[in-house]
Every structure is written in structure tokens, then in C-alpha cells.
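The structure under discussion appears below in the form of C-alpha cells.
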Amino acid sequence: MHWKSLRIITLAACVFAAFLFWVRKPVADEHRRARQLIIYYTLSRMDDPVLVVGDSLVEASTLPRSICGHPIVNAGLNGASTTSDLGNWLAPVLAGKPPALIVVSLGTNDALASRSVAEFTDRYGILLNQLSKSARRMAVLQVPPVEAQGRMTAEMQNEAAATIQRYNQVLPDLAKRNGAAFAALPAMPSPHTIDGVHLNAGGYQGWDAAILEAAAVVCG
């Protein structure tokens with residue numbers, strides 16, 4: 001192939017890749033802004049809420065509306081991880097409206113991205129430090145297991161499961177060092193996901209129970 005033709009093909013491929021990047025990025029940014037606005041509007045009419053922060057597992061959850069008089073507010077963001085700068089994303093939303101409790105449920109997307117335990121711990125610690133300035137209490141939820149189904153192959157599941165196990169080994173101490181409680185998940189049924197990652201009804205039953213147990217601290 002002539003070098004000029006090769007150069008044109010390479011340039012076209014780069015332009016197409018850039019186009020795909022900029023198409024996806026505004027969509028993600030738009031969703032992020034929309035979620036921020038919804039959380040702001042929700043919190044504006046509530047006092048002493050329990051705020052549940054996390055990824056798509058949180059965003060897709062159907063937790064009860066309240067616990068012992070404290071509203072439960074869903075602050076999940078699809079695709080979120082410890083690198084998503086959730087502390088700064090939530091800061092303007094929480095200004096002047098400190099929650100009674102913030103529960104954080106993160107780690108699945110970090111594991112799928114093969115993020116090291118050191119980076120996970122460091123990023124999670126930064127987030128908890130930021131959130132501690134806005135909430136009187138915090139809790140950290142154990143990372144749920146993944147399964148080999150859907151697009152999640154057995155090889156992918158084994159790799160992610162090993163990473164999640166290492167995350168869960170450091171989370172109790174990480175929570176303690178940042179003034180947060182650690183909330184363990186009950187044993188999950190099999191199957192507990194719809195696609196290897198996202199929870200099904202049985203998975204959410206255990207997940208919800210762990211969130212509500214952690215949130216019960218606000219009941220006195």
C-alpha cells in the first residue's frame with residue numbers, strides 16, 4: 001500500500017476515534033449534570049437525609065423512601081468509581097444541607113478497570129475525607145461479588161473477583177481511619193446479578209439489607 005494512502009487511512013481512523021470520544025463524552029457529562037441537579041432538587045426539600053453515594057448499583061436501586069423519619073436520597077451515578085471525583089461533584093449539592101449519614105458503595109468499576117489496591121485505597125480515602133466535611137456520619141459498603149454470566153466471562157470474573165477480594169480486605173481499616181463504619185454484605189444468592197455485575201432482585205435484597213443496617217445508626 002502506498003505510504004500516502006496509509007497516511008490518509010491512519011488520519012481518518014484518528015478522526016473517527018476522536019469523533020466517537022467527543023460523542024460519548026457529552027452524553028456522560030450530560031447525565032452527570034442531570035443527576036447532580038436531581039439530587040440538588042431532592043435535598044432542597046429535605047432535612048437530615050441519609051445519602052447513598054455510588055455507581056449504577058446505587059442509581060438503579062429502589063431503597064425505601066425513609067428510615068425512622070430520615071429521608072433516603074439516591075446519589076448514584078452510572079459508571080462512577082473512586083476516580084470519578086464524587087466529592088467535588090457533590091460539594092455544591094451538599095452546601096448548607098449536611099446529611100445525617102452518607103453511605104458509600106463503590107468498587108465494582110474500579111475492579112473491572114483492574115485498578116490497584118494502592119490506588120483504590122488512596123482514591124477512596126480522598127473521597128471519604130471530602131465527604132466527612134459534609135456529613136456527621138459515614139458508612140462504607142462492602143463491594144459485592146461479580147458472576148460469570150452475560151458479557152462477564154469466567155476469566156474476567158476470576159480476575160475481577162480476586163481484585164474485589166483484595167479491596168474488601170482493606171475496606172474495614174480504610175473506613176475506620178476515615179471515621180466511617182464498615183457495612184458487610186450478607187451471602188449473596190446464586191445468581192445474584194442480571195449480567196454478571198448489576199444486581200437482580202435477590203442481589204438487591206441482600207444489598208438493601210446492608211444499606212439499611214448501616215443507615216439504622218441515625219435512628220438512635
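Worth pointing out:
- Count - residues of the range 118-154 that are assigned to a loop (DSSP other than H, G, I, E, B) and either touching a His at 6+ places or on another chain (Cβ under 7 Å) or buried (at least 17 other Cβ atoms within 10 Å of the Cβ) (or both): 10
- Condition met for Ile194 (touching a residue at least 12 places away in the same chain (Cβ under 8 Å), of a type in the set (A, V, I, L, M) and under 20 Å from Leu90 (Cβ atoms)): no
- Listed by first and then second residue, the pairs linking a residue in the range 201-220 that is touching a residue at least 12 places away in the same chain (Cβ under 8 Å) to a residue that is part of a helix (DSSP H, G or I), with Cβ atoms under 9 Å apart and 6 or more places separating them unless they lie on different chains, are Gly203/Leu57; Tyr204/Leu57; Trp207/Leu57; Ile211/Val58.
- Test: Val103 is at pLDDT 95 or above and surrounded by 19 or more Cβ atoms within 10 Å (Cβ to Cβ): yes
- Cβ-Cβ under 8 Å pairs, at least 6 apart or on other chains, the range 155-179 side in a helix (DSSP H, G or I) and modelled with pLDDT of 95 or more, far side among the polar types (S, T, N, Q) and surrounded by fewer than 15 Cβ atoms within 10 Å (Cβ to Cβ): Glu159/Ser114; Thr163/Ser114
- Condition met for Arg115 (of a type in the set (D, E, K, R), part of a loop (DSSP other than H, G, I, E, B) and modelled with pLDDT of 95 or more): yes
- Residue list for the range 180-211, filter: in a helix (DSSP H, G or I), aliphatic (A, V, I, L, M) and over 15 Å from Gly54 (Cβ atoms): Ala201, Ala209
- For the range 58-96, a residue qualifies if it is aliphatic (A, V, I, L, M), out of contact with any Gly (no Cβ under 7 Å at 6 or more places or on another chain) and buried (at least 18 other Cβ atoms within 10 Å of the Cβ), and the qualifying residues are Leu63, Ile67, Ile72, Val73, Ala75, Leu77, Leu86, Leu90, Val93, Leu94.
- The range 206-216, subset surrounded by fewer than 17 Cβ atoms within 10 Å (Cβ to Cβ) and hydrophobic (A, V, I, L, M, F, W, C), residue farthest from Ile72 (Cα to Cα): Ala209
- Considering residues of the range 33-52 that are touching a helix residue (DSSP H, G or I) at 6+ places or on another chain (Cβ under 7 Å) and assigned to a helix (DSSP H, G or I) only, the residue nearest to Lys97 (Cα to Cα): Leu43
The values are calculated or read from the model by the stated rules, or taken from the named source; none is laboratory data. Everything quoted here is computed from the prediction, not taken from an experiment. Note that each Cβ is placed from the backbone with ideal geometry, even for glycine, and that neighbours are counted across all protein chains shown.
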